[in-house]
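Below: the structure, in structure tokens.
The values are calculated or read from the model by the stated rules, or taken from the named source; none is laboratory data. Note that the structure is predicted; figures quoted are calculated from it, not measured. No Cβ is skipped: glycine too gets one built from the backbone with ideal geometry, and neighbour counts run over all protein chains shown.
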Amino acid sequence: MPTESGSWAAARQTKPKRKSNSLTLKRTNSSEQERPSLHRDMLEGQDSKLPSSVRNTLLELFGQIEREFENLYIENLELRREIDTLNERLAVEGQAIDGAELNKGQMKTKASHSTSQLSQKLKTTYKASTSKIVSSFKTTTSRAICQLVKEYVGHRDGLWDVSVTRTQPVVLGTASADHTALLWSIETGKCLTKYVGHAGSVNSIKFHPTDQIALTASGDQTAHIWRYVVQLPTPQPSADTSINAEEEVDFSDKDELEADGDISSDCPTVRVPITSLKSHQGVVIAADWLVGGKQAVTASWDRTANLYDVDTSELVHSLTGHDQELTHCCTHPTQRLVVTSSRDTTFRLWDFRDPSIHSVNVFQGHTDTVTSAVFTVGDNVVSGSDDRTVKVWDLKNMRSPIATIRTDSAVNRISVSVGQRIIALPHDNRQVRLFDMSGVRLARLPRSNRQGHRRMVCCSAWSEEHPTCNLFTCGFDRQAIGWNINIPALLQEK
């Protein structure tokens, strides 16, 4: 039995070639109803492998296409006649105004002159309107204040993840490919604690909702739960925590600092975890705490996500279904919901609110790897992808996104602020952009040779309770950056 492509090939081979003055260019005396029979007669007696029903259907479709082209051709001819009529009328009017007969050369000159005047007028009007639009954009964007406050330098390799504690004292945590996780003083940029218990890249760090406990995921196929005790240093009275253009440290200077010695070498070091979660057969790429902190979920390159009991380290559920490696996992801040993202272009919503029923929903809204999917405080999920889009979904109706953000670069681990509901997008092209939940762009974080990230930005994290820095980003330039973001409510409404 021939394939579909073979059928089309046979149709092309058996159909005769037409000349330029064929039926596609002129109307004939035959009626519309006679055309299909005409085509059938043309193909009678030819060696066709197609069944008669298929051949008749194709002929009817070809006839419809031919009629559409004929209609377009006739409309084109009518438009040409109208253009010729208008040109003649313009020529007559030009003669009446000049009071003399114009030859063809003068008519062309006059028409050319009037056309150039009209073109110039259109250009002037377009430029004026465009400048007004651009100036309005500039006025709106200038209200958003995005200032670099602090840089946290000390890792020996790129940073995969950044997180902020939910309890006092508020500290910053970073996870790096150098096999370590560091805790930082947000105000001074000083390293407070160094965790060295992993034997592979530390891919994720999340803090317990109530205790001074951290959860890290690693390339050594494990996730560790470890305790930290930090005491914030007292900042010097004369020290200024902000960084301006004159005080910024050049990238070459940072390399020299790292070459002189490890900035985090004098930090208190934690070497042994409280608990090690060891049920995965591949890289553990992310981990997070369920609401209450009694359970933890991990996502792995072995295509599964695991739910653990923290006290006993026992595997409670193995969440299977993704076709390719997982890239991220996130838990709802107030409900027992988990969302996992994968390289299979999907993300899945796992519901553990009913102990007896563990439902799962699959969402296929992207065309490339879903790099992260996160919950908001409300009933929304925001997903980012390598297909250069970010989509906002409603948990009550997730058949289609309620907003789509299109960017010029792949999107990595996103975060959404709790209060203002602003989405921070870290990009492969070193940019960080801010959008509201409806998909309107609010700001782009400043980046230059002396300020901002110099390589791929991997992650973003909000901390709205801190008075100085309310947004943190990290990337493969081996640093985390603290930002002060101030976006007025009026701008968000627009």
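Observations
- Take the conditions (1) outside any strand (DSSP E or B); (2) surrounded by fewer than 21 Cβ atoms within 10 Å (Cβ to Cβ); (3) not polar (S, T, N, Q); R353 misses just one of them, which is (1).
- Selected residue [in a loop (DSSP other than H, G, I, E, B) and among the β-branched types (V, I, T)] from V390, V377, V381: V377
- Checking each residue in segment 434-447 for being part of a loop (DSSP other than H, G, I, E, B) and crowded, with 20+ Cβ neighbours inside 10 Å picks out only L445.
- Strands (runs of 3 or more DSSP E) contained entirely in segment 246-341, each with at least 3 residues that are at pLDDT 95 or above and touching a Cys at 6+ places or on another chain (Cβ under 8 Å): 284-289, 295-300
- Pick from segment 356-374, criterion part of a loop (DSSP other than H, G, I, E, B) and not small (G, A, S), ranking: farthest from the chain's Cα centre (by Cα): Q364
- Selected residue (only one of S176, S163 is touching a His at 6+ places or on another chain (Cβ under 6 Å), small (G, A, S) and modelled with pLDDT of 95 or more): S176
- Once segment 448-494 is narrowed to residues that are of a type in the set (A, V, I, L, M, F, W, C), in a loop (DSSP other than H, G, I, E, B) and touching a Gly at 6+ places or on another chain (Cβ under 8 Å), the residue that is modelled with the lowest pLDDT is C469.
- Tally, over segment 417-429, of residues that are within 19 Å of L148 (Cα to Cα) and crowded, with 18+ Cβ neighbours inside 10 Å: 7
- For segment 269-321, a residue qualifies if it is small (G, A, S) and closer than 25 Å to P333 by Cβ, and the qualifying residues are A286, A287, G292, G293, A296, A299, S300, A305, S313, S318, G321.
- Here segment 423-482 is the region considered, the condition is being hydroxyl-bearing (S, T, Y) and touching a Pro at 6+ places or on another chain (Cβ under 8 Å), and the residue that is farthest from K206 (Cα to Cα) is T473.
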